[in-house]
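Notes for the one structure printed next.
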Amino acid sequence: MLIRLFIANYLELGNDEVYYWTYALHLQMNYFDHPPIIALLLRLTTLNLHFQQEIFLRLGAILGAAAGTWLSYSIGTKIRNERTGWFAALLYNTCVYSSVIAGLFILPDSPQVVFWLLCIRLALAFVPQTNKAMPSLTTWVLWGLCTGLCIMCKVHGIFLWLGAGLYILVYNRQLLMQKGLYLSAIITAAVISPIFIWNWQNNFITWLYHSQRVAVHTISFDKDSFIQAITGQIAYNNPLNFIVIILAIIYIRKQQLLSAGITSMLLFLSLPIIITVTAAAMFNSVLPHWSGPGFITLQFIAAAYLDVKSTAACVVPKFVKYATGCIMFVISAGFLFISYYPGTIGSKNKNILGDGDFTLDLYGWQPMGDSIRNYINQPAVQPQIPANRTIVCNKWYPAAHIDYYIARTNQMQVIGVGNFTDLHQYVWLNQQRNNLKLGDSALCIVPSNYMIPMPDTYLPYFSTVRLLHSFQITREQAAVRYFNLYLLTGFKNTDEAHTLSVN
């Protein structure tokens, strides 16, 4: 936890993190990309946005990792013994997805993982070998509540109901006679109802957009996407952890590690989301971490395998030691590389300096905010700064970074101008802010690694586009990218500045 707190305090926020920060600015029943739990968590850890430093924004992820560690131990102990619980906790913390992606960076996955593990713990009550009696009404109520909250983090949580439902249909149909099963379904539906209400109010815009992202439009195997998904899943789960999981699954075909019911439940809760994401990758680009909760579930089988294969005196198996070394290397090397690599690993062309450098998502924004403040406060420059102190941007990235690191600290505001598919949540943020009026002026900040064709991009909305200043950002005294500050005058297209269309 101390390592996570250190990095959380010193590393700038990434693209997704600052974007989810914008969720917390104005609470909604649902958001364009995700349900609202991430916004509520950010409000909680920042004490209602009173403390907005990076460490407070990421605190929910770090506390979630601590909770996930305890839950992993509890589940492992429940399914086999305390040593299995200890190994499960170790695997949880050596998994890149649970330990770093969801356990350090503040993403919807951060609370989702906690609720997913809670649901696994509750689902064990559906297995006769761990629960001699039928599940209590309290268990059913908690299952309905926790699955609903997991879905309210990310809709991927629906796979919990799918997995449990398949287990019940195949192995324990007696549960179909339990009234609590149907009560829990009603509770889940009630908890996730804000998702449906918000989408109803917004013409189901979220579903229309995201269905276009994942729908199979042509039956054509996408080799690159499939390879990226497979390698990403292996990397995100730590290659060594992945090997242990595969060995454990092979082993259970020969010898029983856990009771048949527990093994079946864990497989039903894990494989559907993994298979779905992997299958989708055959035709479309997907994000490998989508299947992360499935692999976390399989780690309990891996923990049982390590318990069987390790000697009685073994406290930390060799595989786990190597996995720990692997993730510590990734974390430390990544932090040092982002913070101290001289210059950029991206394009060296001055016009697009830094293009393709993923480390710049987490570097250079804070000094840019300071540079902007110093520049606009110069007496000779102040008359050129629009009175509305508005910055416009045509995409949610880098809009969210500009919003957090530049506008927030300089008493300015960011307004999205462009297509809905590029603006995402900024369509709704525009409605909460002082939008541009006909004839208004605004500023525009364009990083060289997100270079767009200026002035063509903004001339449909403004009469003139003029470069005011170019700022250089360095890393270890080497230029890493430029930020170009433009003055846009004569806002002229109030009706089409942001279009509510997915076409």
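Here Tyr31 meets each of (1) touching a Pro at 6+ places or on another chain (Cβ under 7 Å); (2) in a loop (DSSP other than H, G, I, E, B); (3) open to solvent by less than 20 Å² (accessible area, probe 1.4 Å) with one exception, condition (1). Here is a check on your reading of the model: is Phe51 touching a Ser or Thr at 6+ places or on another chain (Cβ under 9 Å), open to solvent by 10 Å² or more (accessible area, probe 1.4 Å), under 20 Å from Met152 (Cα atoms) and aromatic (Phe, Trp, Tyr)? Judged against the criteria, Phe51 is not a match. Residues in region 368-390: is at least one touching a Cys at 6+ places or on another chain (Cβ under 9 Å) and hydrophobic (A, V, I, L, M, F, W, C)? No, because not a single residue in region 368-390 is touching a Cys at 6+ places or on another chain (Cβ under 9 Å) and hydrophobic (A, V, I, L, M, F, W, C).
The requirement of being in a helix (DSSP H, G or I), buried (at least 16 other Cβ atoms within 10 Å of the Cβ) and either among the charged types (D, E, K, R) or touching a residue at least 24 places away in the same chain (Cβ under 8 Å) (or both) is not satisfied by Ile158. Looking across region 394-434, the residues that are surrounded by fewer than 19 Cβ atoms within 10 Å (Cβ to Cβ), in contact with a strand residue (DSSP E or B) (Cβ under 6 Å, 6 or more places away or on another chain) and outside any helix (DSSP H, G or I) come down to Asn419, Arg433.
Restricting attention to region 62-76, does a residue exist that is open to solvent by 40 Å² or more (accessible area, probe 1.4 Å) and more than 28 Å from Val308 (Cα to Cα)? Yes. Restricting attention to region 277-321, the residues being within 21 Å of Lys154 (Cβ to Cβ), β-branched (Val, Ile, Thr) and not in a loop (DSSP other than H, G, I, E, B) number 4. Of all the residues in region 435-460, those that are open to solvent by 30 Å² or more (accessible area, probe 1.4 Å) and at negative phi number 15. Sub-8 Å Cβ pairs linking a first residue in region 49-66 that is farther than 18 Å from Ile101 by Cβ to a second residue that is surrounded by 15 or more Cβ atoms within 10 Å (Cβ to Cβ) and of a type in the set (S, T, N, Q), at least 6 apart or interchain, are Gln52/Thr46; Phe56/Thr45; Phe56/Thr46, ordered by first then second residue. Of the residues making up region 239-291, those that are at pLDDT 90 or above, open to solvent by 40 Å² or more (accessible area, probe 1.4 Å) and aromatic (Phe, Trp, Tyr) number 3.
The values are calculated or read from the model by the stated rules, or taken from the named source; none is laboratory data. Owing to the predicted nature of the structure, the values given are computational and were not obtained by experimental measurement. Because the Cβ atoms are built from the backbone with ideal geometry, glycine has one as well, and the counts that use them run over all protein chains shown. Areas reflect the complete protein model, heavy atoms only, side chains present, ligands, DNA and RNA absent. Shrake-Rupley method; radii C 1.70, N 1.55, O 1.52, S 1.80 Å.
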